[in-house]
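This report concerns only the one structure given below.
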Amino acid sequence: SRWDSEAQAKVNKQDPNPKFLEQVKALFPNAEEDKIVVMCSDGRQRSIQVLMMLDEEGYVNIAGLKGGFNMWDATFDPKVRRRNVGLAKEVYTHDADSCGIHASGAGFQMVDKIESVDRKDYVDWEDWEEAVAKKSA
């Protein structure tokens, strides 16, 4: 997305690739054996369109990354180590405010849980097939 000074907002320029399916078929010619993982920013609109398209073309080893790149990036760091996702941690000292049961193994991981962030991509993305049909008309 880019800042549009006339609209005074970020604008996403959507330019569908009419050769997308041809390019996928060239890279993955064996629909029954090739394995493909599809993802977009949030794993909803665009990934689903591509998964449906590939399914219609006979691809059987296809998967979408649940939560998309946004959730992947929130969960893993660049070295694919799990990030601290904000859950409360067990306390090993009692600070005179309890009997020290926090370190008993009872596990209070969810006591002070931080509400998770909505990672949905709110861009209203075009339907690829409709956009390509309009472009060719």
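Got a number for residues in the range 7-30 being open to solvent by 80 Å² or more (accessible area, probe 1.4 Å), of a type in the set (S, T, N, Q) and assigned to a loop (DSSP other than H, G, I, E, B)?
Residues meeting the conditions: 1.
Given the conditions (1) in contact with a helix residue (DSSP H, G or I) (Cβ under 9 Å, 6 or more places away or on another chain); (2) modelled with pLDDT of 80 or more; (3) closer than 21 Å to Q14 by Cα; (4) not small (G, A, S), report the number of the one that F69 does not fulfil.
Every condition holds for F69 apart from (1).
Every residue in the range 37-87 that is in a strand (DSSP E or B), buried (at least 17 other Cβ atoms within 10 Å of the Cβ) and touching a Ser or Thr at 6+ places or on another chain (Cβ under 7 Å), please. Talk me through it step by step, then tell me what you get.
At the first step, the residues of the range 37-87 found to be in a strand (DSSP E or B) are 37-38, 61-64, 76, 82.
Remaining after also requiring buried (at least 17 other Cβ atoms within 10 Å of the Cβ): 38, 62, 64.
If the condition is that a residue be in a strand (DSSP E or B), buried (at least 17 other Cβ atoms within 10 Å of the Cβ) and touching a Ser or Thr at 6+ places or on another chain (Cβ under 7 Å), then V38, G64 are the ones that fit.
The values are calculated or read from the model by the stated rules, or taken from the named source; none is laboratory data. Note that the coordinates shown come from a computational prediction; the quantities given were computed from them, not determined experimentally. No Cβ is skipped: glycine too gets one built from the backbone with ideal geometry, and neighbour counts run over all protein chains shown. These accessible areas exclude ligands, DNA and RNA; they are computed on the full protein's heavy atoms, side chains included. Shrake-Rupley method; radii C 1.70, N 1.55, O 1.52, S 1.80 Å.
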